[in-house]
Structures are given as C-alpha cells and as structure tokens.
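> Got a structure for you, written out below as structure tokens; questions coming shortly.
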Amino acid sequence: MAARAAGMSERTAYWRLAEPGFRRRVSELRRQMLERAVAFLQRATAAAVGALLRNLTAPKAGDQIRAAQLILDNSFRGLELMDVLERVQQLEERLGENGGS
C-alpha cells in the first residue's frame, strides 16, 4: 500500500529499503513527523492540565477522583522520567570525563 502511494511497485520498495541511505532517510523523516506531533501535544499540555484541575471540583465525585488520579499518576511519571534523564546525563558526563572508555 505504501509502495503504491509512493508510485512504485512493492518489489522496488523492498529493494529501496535494503539501501542503508534510504532507510536512514525514512527513519529521519519518521523522527521529524514524530517531533512535530509531540510539539503539537506539548502546546496543548497547559489546557489539558487546566481541564484536569477544573474537574477536581466537578459535581460528580467520580470525575473528581479520576482527575486527581490522572494528575497524581502523571506527576509521578514525570518525576520518574526526570530522575532517569538526570541519571543518563550523569552517566554521559562520566563517560565523557573518561574519554568514552
């Protein structure tokens, strides 16, 4: 299906995918698409958090509990991610100090 959309046969598509340079280019384009999608989602983050905060005072207790649960879960995940990123940065700094060995 993708081969047809690109105007080539399936056989040609597989042949092109066997080329390292072509695979790298496809990978780079995919990464760029993902970066754009993530940036779009990041722009909506403040509004999403605002919606959750508003639901903390929603009329239904179930809505309040779900909003609180989402806020707490994502806060903990964010802290865990920040911790992992800090550890990775420290390891990279150590590797750099040791000349990569």
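The values are calculated or read from the model by the stated rules, or taken from the named source; none is laboratory data. All of these numbers come straight from a predicted model, not from anything done at the bench. Using ideal geometry, Cβ is built from the backbone for each residue, glycine included, and neighbour counts are taken over all protein chains shown.
> Could you tell me how many of the residues in segment 20-56 are touching a helix residue (DSSP H, G or I) at 6+ places or on another chain (Cβ under 7 Å) and either surrounded by fewer than 10 Cβ atoms within 10 Å (Cβ to Cβ) or part of a loop (DSSP other than H, G, I, E, B) (or both)?
Adding up the residues that qualify gives 1.
> Output the residue which, of all residues in segment 1-19 that are small (Gly, Ala, Ser) and more than 26 Å from the chain's Cα centre (by Cα), is surrounded by the most Cβ atoms within 10 Å (Cβ to Cβ).
Ranking the candidates gives ALA13 first.
> Output yes when any residue across segment 57-64 is under 30 Å from ALA6 (Cβ atoms) and either under 23 Å from the mean Cα position of the chain (by Cα) or not in a helix (DSSP H, G or I) (or both), and no when none is.
No - not one qualifying residue is present in segment 57-64.
> Can you name every residue in segment 75-101 that is small (Gly, Ala, Ser), assigned to a helix (DSSP H, G or I) and farther than 22 Å from LEU53 by Cα?
If the condition is that a residue be small (Gly, Ala, Ser), assigned to a helix (DSSP H, G or I) and farther than 22 Å from LEU53 by Cα, then GLY96 is the only one that fits.
> MET8 is checked against (1) in a helix (DSSP H, G or I); (2) at pLDDT below 95 and fails just one. What number does that condition carry?
Checking MET8 against (1) in a helix (DSSP H, G or I); (2) at pLDDT below 95, the one that fails is (1).
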